[in-house]
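The values are calculated or read from the model by the stated rules, or taken from the named source; none is laboratory data. Owing to the predicted nature of the structure, the values given are computational and were not obtained by experimental measurement. Cβ placement follows ideal geometry from the backbone for every residue including glycine, while neighbour counts extend to all protein chains displayed. Calculation scope for accessible area: heavy atoms of the full protein, side chains included, ligands and nucleic acids excluded. Shrake-Rupley method; radii C 1.70, N 1.55, O 1.52, S 1.80 Å.
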Amino acid sequence: MKTEYFILRLHDIGAIKFGEFTLKSGHKSPFYFDLRDMISHPEILSGVANLLVDQIQDLDFDYISGVPYTALPIATLVADILDKPLIYIRKEEKAYGTKNNIIGKFEKGEKCLIIDDLITTGESLLETAEKFKNEGLEIVDFSVIIDRSNNIEQYLNKSGYKLHSLIKLDKIIEVLKENNRISNDQKIKIKNFTNKISYKNKTGKNLENHLTKLLKEKIKAKKSNLILSLDVDNQKDFFNILEKTARQIVMLKTHIDILNDFDADFITRLKEYSIKYDFLIFEDRKFADIGNTVRKQYQGGIYKIKNWAHFITVHAIPGEGILQGLFDNVENRACFLLAKMSSKGNLMNETYTRKVFEIGEKYADVVSGYICHANSKEELRKLKNKIPNGQLMLVPGVKLQAGNDSVGQQYTTVEDAMQGGADCIIVGRGITDAENSEAAAKEYHERAWKVYKG
Ligand code: S5P
C-alpha cells in the first residue's frame with residue numbers, strides 16, 4: 001500500500017475527520033485523528049503494518065512494543081512480520097501480586113523499539129520510554145504512524161531518541177487537497193490552526209523580547225550556556241572567583257544581599273567585568289510582594305538593582321501586579337519567573353507552574369523565561385514543552401553528579417539538564433566550592449555546550 005492511498009483510506013473510514021473539535025487543551029481544532037477503528041479494516045491494518053516494516057526493518061532492536069491500546073494490534077502485526085518478540089506495558093500499574101508491569105519476556109540491557117499511533121507533544125512516548133528504561137531495557141527508536149507535531153524530532157534527538165514517522169500532517173493535507181477531499185478554505189484553516197498551536201506556543205508569536213534576544217546572542221557568541229551563581233559573602237572572594245571564571249560564563253547571577261561589604265564601588269567593578277568579559281548580570285532577588293512594594297525594592301534601597309542588573313528573578317505568586325509594579329516605566333530590563341524550584345518539597349505543583357507560564361506568556365515583553373528544575377531529563381522536557389515559544393528555560397540545582405545538600409537543595413546533572421531542554425544551567429557551589437574554580441567552570445561550560453550544540 002502506498003502512503004497516499006493509506007491517507008485516503010484513513011479519510012474514508014473516518015479516522016481523519018474535519019469539522020470543529022474541542023481538544024483536551026480547550027482549543028477548537030478544524031481536524032481530528034482517531035486511528036482506533038483501523039482494526040475493523042484488515043486491509044488498512046495490514047497495509048500500515050507493512051509500511052511500518054519498510055521503515056524500521058533496518059534498525060537495530062531486539063523487541064517491538066506498541067503503546068496500548070491503539071498501537072498494540074499494529075505492533076503485533078509488525079512483530080509477526082519481522083519475527084521479533086513483542087512486549088508491552090500495562091496501561092494501569094499493577095497494585096498487587098508480582099509488580100511486573102511489562103507483559104512478555106525480555107532480557108535487561110536489550111533494545112526495544114516503541115510503536116505509537118500519533119505523536120503531538122511527545123510526552124506520552126517519553127513516559128513510556130522511561131518506564132521501559134526503569135525495567136532495564138534500552139530505548140532508542142520510536143516509530144509513529146502520524147506525526148502532527150511541530151518539529152518534535154529535534155527535541156527527541158536531544159534526549160537521545162530517534163523518531164521515525166510514516167506521515168506528517170502536511171502530507172495528509174496535501175494528499176487530501178489533491179484528491180478534492182478538502183477545500184482550499186479548509187486547508188488554510190488547518191494551516192493557521194497548526195501554526196497557532198504548535199505544542200508549545202499558544203499565541204503563535206515568537207515571544208522574544210529585546211533582552212531575551214540579547215541573551216540568546218550571547219549564548220551563541222560565547223558558545224556558553226553557563227550561568228555562574230556567585231554566592232560568596234565578601235568582595236575579595238567574589239572578584240577572585242569571577243576573574244577565574246568570567247571567560248566561561250554567559251551570565252553572572254548575584255545575591256547582592258549576601259555580601260557583607262557591599263558598597264557602590266562594587267557595582268562599578270561588576271559592570272567593568274561584565275563589559276570586559278562580555279557577560280550579562282542577573283540579580284536573583286526573587287521579588288514576591290505587591291506591585292507597590294517591589295517597585296521600591298527594585299529601584300531604591302541601598303542596592304538600586306534596576307540600575308545594574310539586566311535580569312531579576314520574580315515569583316508570580318502575588319499575581320500580575322508584581323510585573324506591573326516592577327516594569328511599568330522601566331526600559332531594557334527583564335525577568336525570569338520561578339516556575340518549578342529545585343528545593344525538595346516545594347509547593348509549586350503542576351497547576352501553579354502552568355499558571356506561571358500563562359502569566360509569563362501574557363507579559364512576554366518583560367518575561368524572558370522561567371526557572372525550572374526537575375530530577376530527570378524527561379520531567380524537564382515536559383516543562384520545556386509547555387514553555388511558550390521564544391522564552392527560555394534556566395535550570396538551577398545542577399552539579400556534575402546528582403544529589404542533595406543538607407538543607408533541601410536537589411541536584412540534577414549537567415547532561416540531564418541540557419538534554420531536558422535547558423537553555424542555560426545555573427551553577428553555584430559546583431564551581432565556587434571547587435578547589436580549582438577555573439577548571440570547574442571550564443568543565444561545566446564544555447559539558448553543557450557539548451549537549452547544546454548536539
Ligand atoms: O529553584 C531554584 C531557583 C534558584 S534561582 N533553586 C536554586 O537553587 N536557585 C538559585 O541557584 C539559588 O538561590 C542559588 O543561588 C543557586 C544554586 O546554587 P548551588 O550552589 O546549589 O548550585
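For (1) of a type in the set (Phe, Trp, Tyr); (2) open to solvent by less than 30 Å² (accessible area, probe 1.4 Å); (3) closer than 15 Å to residue 341 by Cβ; (4) away from the ligand (no atom under 11 Å from the Cβ), each residue gets a yes or a no:
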site	(1), (2), (3), (4)
379	no, no, yes, yes
397	no, yes, yes, no
404	no, no, yes, no
416	no, no, no, yes
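Of the residues in region 316-323, at least one is within 15 Å of the ligand (Cβ to nearest atom), open to solvent by less than 20 Å² (accessible area, probe 1.4 Å) and assigned to a loop (DSSP other than H, G, I, E, B). Applying the criterion of being open to solvent by less than 70 Å² (accessible area, probe 1.4 Å), more than 14 Å from the ligand (Cβ to nearest atom) and in contact (Cβ under 8 Å) with a residue 12 or more places away in the chain to the residues of region 418-451, the residue that is nearest to residue 380 (Cα to Cα) is 420.
Residues being at pLDDT below 95, more than 12 Å from the ligand (Cβ to nearest atom), out of contact with any Phe, Trp or Tyr (no Cβ under 8 Å at 6 or more places or on another chain) and over 22 Å from residue 297 (Cα atoms) are represented in region 342-349 by at least one member. Among the strands (runs of 3 or more DSSP E) confined to region 1-89, the ones with at least 2 residues that are under 28 Å from the mean Cα position of the chain (by Cα) and within 22 Å of residue 147 (Cβ to Cβ) are located at 28-33, 63-66, 86-89. Within region 324-331, one or more residues are touching a strand residue (DSSP E or B) at 6+ places or on another chain (Cβ under 7 Å) and farther than 30 Å from residue 404 by Cα. Note on region 217-266: residues that are within 16 Å of the ligand (Cβ to nearest atom), surrounded by fewer than 16 Cβ atoms within 10 Å (Cβ to Cβ) and more than 23 Å from residue 287 (Cα to Cα) total 1.
Restricting attention to region 330-341, the residues being in contact with a Gly (Cβ under 7 Å, 6 or more places away or on another chain) and either away from the ligand (no atom under 13 Å from the Cβ) or under 15 Å from residue 386 (Cβ atoms) (or both) number 1.
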